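The values are calculated or read from the model by the stated rules, or taken from the named source; none is laboratory data. All values reported here derive from a predicted model rather than from experimental measurement. Using ideal geometry, Cβ is built from the backbone for each residue, glycine included, and neighbour counts are taken over all protein chains shown.
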Amino acid sequence: MTQRSRPRLNIGAVRSTFAPWADPAARPLVRFENVVKRFGGETAVAGVSLDIYEGEFFALLGPSGCGKTTLMRLLAGFEDPDEGRVTLAGEDLAGRPPHRRPVNMMFQSYALFPHLSVEKNIAFGLRQLGLAKDEVAARAAEMLALVRLDGLARRKPHQLSGGQRQRVALARAIAPRPRMLLLDEPLAALDRKLREETQFELMALQQSLGMTFLIVTHDQEEAMVTADRIAVMREGQIVQIGRPAEVYEAPNSRYVADFIGDVNLFEGKVERADGQSVRLASDEAQGGFEAVEDDVIAVGATAWLAVRPEKIQVHLDAPPPGPNRLAGKVADIGYLGDWTTYLVELPNGRTLRAARANAARFVERPVDWDDQIWLTFAPDAGVVLTQ
Amino acid sequence: MRRGLTAFNRVSLLFGFGFLYLPIFLLVVYSFNASQLVTVWGGFSTRWYASLFRNEQLLDAVWVTFRVGLISATVATILGTFAAVALVRAGRFKGRTLFSGLVYAPLVMPEVVLGLSLLLLFVAFGLPRGFWTVVIGHATVTLCYATVVIQARLAAFDRQLEEAARDLGCPPFKAFFLVTLPNIAPAVAAAWMLAFTLSLDDLVIASFTSGPGATTLPMRIYSQVRLGVNPEINAVSTLLIGLVATGVIAAYLMQLRRRQDA
């Protein structure tokens, strides 16, 4: 889990100056310390340490069964850690039942109470706080307005659309004003268009409430769009934590590079590494590979170069010889409207991906199936990976 | 393809329903018989209904039966709910298989055996037989029916609803009452109805466990029939049928409305 620092490069979109994790004086709101959780013989969480800061939108990303939901349930209080501890605002949560934890959860199935109206669902948590009747009503009304469900207060959950249900679940979870909101795959049940809209709504909501959000998802796009930081999980462990752009542009392992987005991996032997760039020898590219890399890697070691499809240029005419240059044949073309993805077969049979934005409506010489083409990329397009 | 009933279907329906309901139909018809003789039709009359309401022994028995039914059904439903929760929720606790087996056993055990064993128990404990021993006996027998009905509903209930309630600040017991119970309410009501109906028409258990001053209606009818069938019995049976039918139809309609809601 090494955090790579790349002072010479600015990576991706830098959202804001909000970066409490970089401030050594900042105290985290939630801290997982070497947490282990087993179910029977299976280890769901295998030693996770993680800090989440006040006001952060944090995403746990990983394939199903990687332990991300268990991690969230440990925080909500539905599970207890077998080892290690979970603290909230410096306080150990061990033995504290869910109803006495100032965190609320939005369930994947929404878990709306079918026998209660929308309004009563939202007021449920407020009533448990022991607030006065008119205060409960006022805050429930405020929540209804916040999620734009004003007219539907008296409806029952089964009379709502999927998107409306999702908003009721959200309103119900934030109504008691928890220190932290936990969202378990909150958008998984929505269709694509609605999901995209809702991602932006969630971000706006989190900003305006100033609440700390923890989202669990297997959808990398969801995590990339919404989160300030992402923790990529694999088999109960966190493999990388970083801003979305860091995780995408500077993955620390082949697993992360492959899990987040598409990637082409080139294996090679290190020929030269001088703290500024690395040269890899490979059978696939005559000129070898060259990449900007400030870590010094032992000469002769095996390393991988990870290059995203959109950072690869497609040429119909042979470019001048040099590093990062490969010849191939177009095996397949995926036209997505905004992008076109080319599957390019190398002479050794391996297939690479190159993507091109369709910036112009008309092209003089379009790339066609079975065309002989060349692929190139810049030295700073790829990331050198050693694990 | 013809989708109506074939002649064969019609005949089998006729025989089936005839077999089931002809005796009951006859009983209802004869309850309006003017004649003193049960099997001879002597014109329409409601005189047996009138005399029924003057027969204090019979009315007493009705009152006892109702109280036994109300109390035993309520006890059985409450205990049955807890048993169902334990069976569905507690997962694989030690002795779960044994426990569920024990809950279901009375369903298949001969009533005579149950009645006798209850009697032996009450004698051993020195409990005077009477109203309360009948209640205990009925609660015991109907408990397993109630458990089965509630368990089926509870197994289909989304556990995350309870978790959501706890997450929103409800202690577990309160979460059960605020969220789980309202959602399994139709099954609980159905279980109560079933227990009540079973208690209402039970003769065997009541005969074994009853004592002086606690004669239930089925016991009263049975002892009167032994002395000769009286048209009053027809009348009281007709009322009983009407009551049970109303209960069953009400329970069905309740379930139906729920389903349309959901």
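Quick notes on this structure:
- Yes/no for B:L119 being assigned to a loop (DSSP other than H, G, I, E, B), over 22 Å from A:A123 (Cα atoms) and more than 14 Å from chain A (Cβ to nearest Cβ): no
- Matching residues in the stretch B:199-222 - criterion: being part of a helix (DSSP H, G or I) and hydrophobic (A, V, I, L, M, F, W, C): B:L200, B:V204, B:I205, B:A206, B:F208, B:L217, B:M219, B:I221
- Summed over the stretch B:141-171, residues that are polar (S, T, N, Q) and free of Cβ contacts under 8 Å to residues at least 60 places away in the same chain total 1.
- Enumeration of residues in the stretch A:268-287 that are closer than 22 Å to A:T341 by Cα and either aliphatic (A, V, I, L, M) or modelled with pLDDT of 90 or more (or both): A:A285
- Among the candidates B:F157, B:F196, residue that is among the aromatic types (F, W, Y), outside any helix (DSSP H, G or I) and on the phi < 0 side of the Ramachandran plot: B:F157
- Output for the stretch A:49-69, where each listed residue is out of contact with any helix residue (DSSP H, G or I) (no Cβ under 6 Å at 6 or more places or on another chain), away from every other protein chain (no Cβ under 14 Å) and not small (G, A, S): A:L50, A:D51, A:I52, A:E54, A:E56, A:F58, A:P63, A:C66, A:K68
- Residue check, A:R148 more than 12 Å from chain B (Cβ to nearest Cβ), of a type in the set (D, E, K, R) and touching a Ser or Thr at 6+ places or on another chain (Cβ under 8 Å): no
- Against the list (1) within 14 Å of chain B (Cβ to nearest Cβ); (2) buried (at least 20 other Cβ atoms within 10 Å of the Cβ); (3) among the aromatic types (F, W, Y), the condition A:F78 fails is (2).
- Just one of the listed residues (A:F200, A:F124) is among the aromatic types (F, W, Y), within 13 Å of chain B (Cβ to nearest Cβ) and touching a residue at least 24 places away in the same chain (Cβ under 8 Å), and it is A:F124.
- Matching residues, the stretch B:32-61, being part of a helix (DSSP H, G or I) and surrounded by fewer than 18 Cβ atoms within 10 Å (Cβ to Cβ): B:R47, B:Y49, B:A50, B:S51, B:E56, B:Q57, B:L59, B:D60
Residues are listed down the side, and each one gets a yes or a no for (1) at pLDDT 95 or above; (2) touching a helix residue (DSSP H, G or I) at 6+ places or on another chain (Cβ under 7 Å); (3) under 14 Å from B:Q160 (Cα atoms):
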site	(1), (2), (3)
A:L75	yes, no, no
A:E91	no, no, no
A:G95	no, no, no
A:P98	yes, yes, yes
A:M105	yes, yes, yes
A:S109	no, yes, yes
A:F113	yes, yes, yes
A:V118	yes, yes, no
A:A132	no, no, no
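- Flag for B:F8 being at pLDDT 85 or above, out of contact with any Gly (no Cβ under 7 Å at 6 or more places or on another chain), surrounded by 10 or more Cβ atoms within 10 Å (Cβ to Cβ) and not β-branched (V, I, T): no
- Filtered residues of the stretch B:182-217 (kept if closer than 30 Å to B:R47 by Cβ, at pLDDT 85 or above and surrounded by fewer than 19 Cβ atoms within 10 Å (Cβ to Cβ)): B:L203
- Residue match in the stretch A:351-359 (condition: among the hydroxyl-bearing types (S, T, Y) and over 25 Å from A:V247 (Cβ atoms)): no
- Some residue of the stretch B:223-244 being in a loop (DSSP other than H, G, I, E, B), in contact (Cβ under 8 Å) with a residue 60 or more places away in the chain and more than 14 Å from chain A (Cβ to nearest Cβ): yes
- Counted residues, the stretch A:82-101 - those being assigned to a loop (DSSP other than H, G, I, E, B), more than 16 Å from A:T70 (Cα to Cα) and away from chain B (no Cβ under 14 Å): 3
- Number of positions in the stretch A:370-386 that are in a strand (DSSP E or B) and either crowded, with 16+ Cβ neighbours inside 10 Å or on the phi > 0 side of the Ramachandran plot (or both): 8
- Options B:L79, B:L27; residue that is within 24 Å of the chain's Cα centre (by Cα), under 12 Å from B:P231 (Cβ atoms), surrounded by 13 or more Cβ atoms within 10 Å (Cβ to Cβ) and not small (G, A, S): B:L27
A quick yes/no check of all residues on (1) free of Cβ contacts under 8 Å to residues at least 12 places away in the same chain; (2) farther than 19 Å from A:N104 by Cβ:
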| position | (1), (2) |
| --- | --- |
| A:D23 | yes, yes |
| A:K37 | no, yes |
| A:G47 | no, yes |
| A:A59 | no, no |
| A:P63 | no, yes |
| A:C66 | no, yes |
| A:A76 | no, no |
| A:D82 | no, yes |
| A:E91 | yes, no |
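- Restricting the search to strands (runs of 3 or more DSSP E) fully inside the stretch A:239-347 and requiring at least 2 residues that are among the acidic types (D, E) and out of contact with any Phe, Trp or Tyr (no Cβ under 8 Å at 6 or more places or on another chain) gives an empty result.
- In the stretch A:127-145, residue surrounded by the fewest Cβ atoms within 10 Å (Cβ to Cβ) [restricted to those that are assigned to a loop (DSSP other than H, G, I, E, B) and within 14 Å of another protein chain (Cβ to nearest Cβ)]: A:G130
- If the condition is being of a type in the set (G, A, S), within 13 Å of chain B (Cβ to nearest Cβ) and not in a helix (DSSP H, G or I), then the stretch A:166-197 contributes only A:A175.
- Residue under evaluation A:G163, criteria (1) touching a Leu at 6+ places or on another chain (Cβ under 6 Å); (2) farther than 23 Å from A:E221 by Cα; (3) more than 14 Å from chain B (Cβ to nearest Cβ), criterion not met: (2)
- Checked against the criterion of being under 30 Å from B:V148 (Cα atoms) and among the charged types (D, E, K, R), the candidates B:R92, B:R54, B:R47 yield just one match: B:R92.
- Once the stretch B:148-174 is narrowed to residues that are more than 12 Å from chain A (Cβ to nearest Cβ) and within 13 Å of B:T81 (Cβ to Cβ), the residue that is surrounded by the fewest Cβ atoms within 10 Å (Cβ to Cβ) is B:A152.
- Considering (1) within 11 Å of chain B (Cβ to nearest Cβ); (2) closer than 20 Å to A:R177 by Cβ; (3) among the basic types (K, R), the lone condition that A:R73 does not fulfil carries the number (2).
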